[in-house]
Amino acid sequence: MNWWFSLALAVHILVALGIIGLVLMQHGKGADMGAAFGSGASGSLFGASGSANFLSRATAALATIFFITSLVLGYAASNAPKTSGSVMEGVVQSPLSSEPKTEVKPAAEKASADPAKAPDSEKEIPR
């Protein structure tokens with residue numbers, strides 16, 4: 001991993017946390033609707049819908065930075081050097097056990113050769 005990839009990832013995570021915090025601190029657009037109908041006081045009939053305040057501008061700036069770091073991380077991940085070989089190459093082999101291995105016979109060999117002696121479940125019924 002390059003140092004700039006680590007830096008972009010750290011900035012990406014911090015910006016994401018910043019966006020979450022700013023969005024949670026903002027006042028919703030429909031929150032002042034109740035004030036128009038007598039439940040509180042408001043500067044205008046439908047609340048403040050004029051110019052953007054500091055929180056919305058900061059959210060837009062962090063969203064732009066988040067978008068740019070997303071592109072940078074995607075580019076870095078797609079242009080990473082390809083490794084050859086298997087993912088199992090680094091696996092440590094365990095020592096073989098001293099117990100003898102038993103062979104498992106297939107079901108066809110277990111069935112008796114004479115169909116008359118075979119149980120009912122193993123007899124084939126022509127259809």
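Annotations
- Qualifying residues in the range 22-40 (those that are surrounded by 12 or more Cβ atoms within 10 Å (Cβ to Cβ) and at pLDDT 85 or above) - the one farthest from the chain's Cα centre (by Cα): Q26
For (1) within 30 Å of W4 (Cα to Cα); (2) part of a loop (DSSP other than H, G, I, E, B); (3) modelled with pLDDT of 90 or more, each residue gets a yes or a no:
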site: S42; (1), (2), (3): no, yes, no
site: A60; (1), (2), (3): yes, no, yes
site: L71; (1), (2), (3): yes, no, yes
site: A77; (1), (2), (3): yes, no, no
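The values are calculated or read from the model by the stated rules, or taken from the named source; none is laboratory data. Please read all numbers here as calculations on a predicted model, not as lab measurements. Here Cβ is always computed from backbone atoms with ideal geometry, including for glycine, and neighbour counts include all displayed protein chains.
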